[in-house]
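The values are calculated or read from the model by the stated rules, or taken from the named source; none is laboratory data. Just so we're clear, the structure is a prediction, and the values are computed from it rather than from any experiment. Heads up, the Cβs are rebuilt from the backbone with ideal geometry, glycines too, and the neighbour counts pull from every protein chain shown.
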Amino acid sequence: MASETPLPAFSAIIVAAGKGLRAGGDTPKQFRKWRGKPVVMHSVDALNAAGCGSIVIVAPPGLHAEALAAAGEPANAVTVDGGVTRQESVRAGLERIGEKKPERVLIHDAARPDLPMAVIERLLAALETHAGAIPALPVVDSLAVSDSNSTMTGKADREILRRVQTPQAFRYADIVAAHRSWTGALDAGDDAQVLMAGGGSVALVQGDERLKKMTFAQDFADGRTVAQFRVGQGYDVHRLQAGEELWLCGIKLEYDMGLAGHSDADVALHAITDAVLGAIGAGDIGTHFPPSDPQWSGAASGQFLEHAVKLANDAGYTLGNLDVTIICEAPKIGPHRPAMRTEVARLTGLAEDAVSIKATTTERLGFTGRAEGIAAQAIVGLCKLG
């Protein structure tokens, strides 16, 4: 879901031209699956959720189709060949993205798939007063200076050192000019160094441990331990009424009656949304989207669920799985279950095998048995990794 407060317009370059040999396997790491989808797709989805206008994926030569497929074939993305060095790859991306005449550009490593919205917001805010901005974290360990024989020769002051992450944000005109004028004999460590060499100022904003770079095979095993696990449950009911559309799990069903409500009355998505909000202690759907607010009249319930998932992600939680049961006498849910799973997986970012959709009747007992309405109940599992 896009940021609730519209962010300044920006474009993005995703550097995905490496071979990823240290991660093992025959497929470049940026195209391998992690948490249910290719690594590069995570970054594309996060950038687009923030309202990114256009994306250039810097891909290995000859693997452009594979890069776009791994990214999910986004309509706003194109590819360009990477260079011998990272700096050459970024330069190629900058020249291609320049066709869109962006004012701001984010340059991101595909190998950092877990991209929090809050970091994007901080970076773009910093561009109001600086030509560039980078996310950084403090160094917490003691540091030693070593010689070629692995003998300690001194210490470094960790108080003045920072760990640098991506995405790095820049005013486009400044960063492309800095790359074009770069005269360093060696490849720059990152784009902030290129901008500084060109006289531009670089702000440091708070980074996030979630932006850890995936480098080795064990990173794909995701060996982090579960630091906290939460469960949420949701329940919702809407009455059936002639002349209304019937939406369930984000799919419109052809039926002679539909569900009545202030929004599209998708009772299943409402139950899932309440389950996610409940798991993080963030109230319920009515708290965030009150029926008294006319802007939600007829609104698609998918945006309610995307909002709840964003709140969970901002709090550091990742959805692990969900299970929803639709309670009705008719229509039959079975024929629509595959499409429903696909749509709920899309809205939540889960793999389809982590989405369970079931249906049952009440043997003609109660309001659902009399076909007066449809009910749904859902449970979700969230985890915070450490």
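Remarks
- Of all residues making up region 207-218, the number that are crowded, with 19+ Cβ neighbours inside 10 Å, of a type outside the set (A, V, I, L, M) and either at pLDDT below 90 or in a strand (DSSP E or B) (or both): 0
- Restricting attention to region 349-360, the residues being crowded, with 17+ Cβ neighbours inside 10 Å and without any contact (Cβ under 8 Å) to a residue 60 or more places away in the chain number 2.
- On the stretch given as region 366-386, residues that are surrounded by 14 or more Cβ atoms within 10 Å (Cβ to Cβ) and within 26 Å of T318 (Cα to Cα) total 10.
- Any hit, region 225-236, residues being assigned to a loop (DSSP other than H, G, I, E, B) and modelled with pLDDT under 90: yes
- Residues in region 28-85 that are in contact with an Asp or Glu (Cβ under 7 Å, 6 or more places away or on another chain) and closer than 19 Å to F10 by Cα: H42 alone.
- Per the listing L124, L143, L115, the residue uniquely touching a helix residue (DSSP H, G or I) at 6+ places or on another chain (Cβ under 9 Å) and in contact (Cβ under 8 Å) with a residue 40 or more places away in the chain is L115.
- Filter pass, L106 being out of contact with any Gly (no Cβ under 9 Å at 6 or more places or on another chain), at pLDDT 95 or above and surrounded by 21 or more Cβ atoms within 10 Å (Cβ to Cβ): yes
- Residue identified as surrounded by 15 or more Cβ atoms within 10 Å (Cβ to Cβ), among the small types (G, A, S), without any contact (Cβ under 8 Å) to a residue 40 or more places away in the chain and outside the structural domain of W34 (by TED's automatic domain parsing) among A271, A265, A275, A242: A265
- Here the helices (runs of 4 or more DSSP H) wholly within region 114-206 that include at least 1 residues being more than 30 Å from G349 (Cα to Cα) are 172-180, 191-197.
- Flag for A50 being assigned by TED's automatic domain parsing to the domain that holds L124, in contact with a strand residue (DSSP E or B) (Cβ under 7 Å, 6 or more places away or on another chain) and either crowded, with 18+ Cβ neighbours inside 10 Å or modelled with pLDDT under 95 (or both): no
- Annotation: E363 fulfils all but one of (1) loosely packed, with under 13 Cβ neighbours inside 10 Å; (2) part of a helix (DSSP H, G or I); (3) not hydrophobic (A, V, I, L, M, F, W, C); the unmet one is (2).
- In region 53-103, residue surrounded by the most Cβ atoms within 10 Å (Cβ to Cβ) [restricted to those that are among the acidic types (D, E) and in a helix (DSSP H, G or I)]: E66
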